[in-house]
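Scroll down for the structure; my scribbles are underneath it.
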Amino acid sequence: MNRNTVIIIDLLRTHISPKPSEIAEQHKFSVRLQHEGESIANFQADLKKLTKNCNYFCENCKKPTLNTHLRSQFIKAVRDNEIRVRLLQQSTNITFEEAVKLALAIES
C-alpha cells in the first residue's frame, strides 16, 4: 500500500467510527444509576464498561483517577440504601473493588 492509500483508509476509519466524545462518555457514566432488579455484579460491570473512553486522569499528579470515580459513582448510584449507608461508613481508602465485594456480601 502506498502512503495515500493508508491516509485514505485512516480517514475512512475515523469517519465511519469516530472516537467518542470524552465529555459525553463522562456524562453517560455520571448519570448511570443501578436499575430496579439489576444485580450488584451487573451494575458494577456496566459502570466499568462505561469508563472505557472517559479518560479519568489527574493532570497535576499524572495519575489515573478511575478508581475514585468508579467508587464514588457506585456508592452514589446503588439502589439499596442499606448498602449505601454501609459503604459510606467505610474508611476513605476503600477501593472500588472492596466496595463491590462488600455490596455483594450485603446483597446475598
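The values are calculated or read from the model by the stated rules, or taken from the named source; none is laboratory data. Note that the structure is a prediction, hence the values are computed from the model and not measured. All Cβ positions, glycine included, derive from the backbone under ideal geometry; neighbour counts span all protein chains shown.
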Query - Residues of region 69-101 satisfying the condition of being part of a helix (DSSP H, G or I) and of a type in the set (Ser, Thr, Tyr) - result: Ser72
Report task. Please verify whether region 8-15 includes one or more residues that are hydroxyl-bearing (Ser, Thr, Tyr) and over 30 Å from Ser108 (Cα atoms). Result -> yes
Query raised in the report: Among (1) over 20 Å from Phe43 (Cα atoms); (2) in contact (Cβ under 8 Å) with a residue 60 or more places away in the chain, which single condition is Phe57 missing?
Result: (2)
Requested in this report: Could you tell me whether region 1-11 includes any residue that is within 29 Å of the chain's Cα centre (by Cα), assigned to a helix (DSSP H, G or I) and under 19 Å from Ala77 (Cβ atoms)?
Outcome: no
**Report entry** Search result, residues across region 33-68 that are part of a loop (DSSP other than H, G, I, E, B) and under 17 Å from Asp80 (Cα atoms)
**Finding:** Leu33, Gln34, His35, Glu36, Gly37, Glu38, Ser39
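Residues are listed down the side, and each one gets a yes or a no for (1) closer than 26 Å to Lys19 by Cα; (2) modelled with pLDDT of 95 or more; (3) surrounded by 13 or more Cβ atoms within 10 Å (Cβ to Cβ); (4) of a type in the set (Gly, Ala, Ser):
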{"position": "Lys52", "(1), (2), (3), (4)": "yes, no, no, no"}
{"position": "Cys58", "(1), (2), (3), (4)": "yes, no, no, no"}
{"position": "Lys63", "(1), (2), (3), (4)": "yes, no, no, no"}
{"position": "Leu66", "(1), (2), (3), (4)": "yes, no, yes, no"}
{"position": "Leu70", "(1), (2), (3), (4)": "yes, yes, yes, no"}
{"position": "Ala77", "(1), (2), (3), (4)": "no, yes, yes, yes"}
{"position": "Val85", "(1), (2), (3), (4)": "no, yes, no, no"}
{"position": "Thr92", "(1), (2), (3), (4)": "no, no, no, no"}
{"position": "Leu104", "(1), (2), (3), (4)": "no, yes, yes, no"}
Requested in this report: Just name the residue that is surrounded by the most Cβ atoms within 10 Å (Cβ to Cβ) out of those in region 9-47 that are in contact (Cβ under 8 Å) with a residue 60 or more places away in the chain and among the hydrophobic types (A, V, I, L, M, F, W, C).
Outcome: Ile40
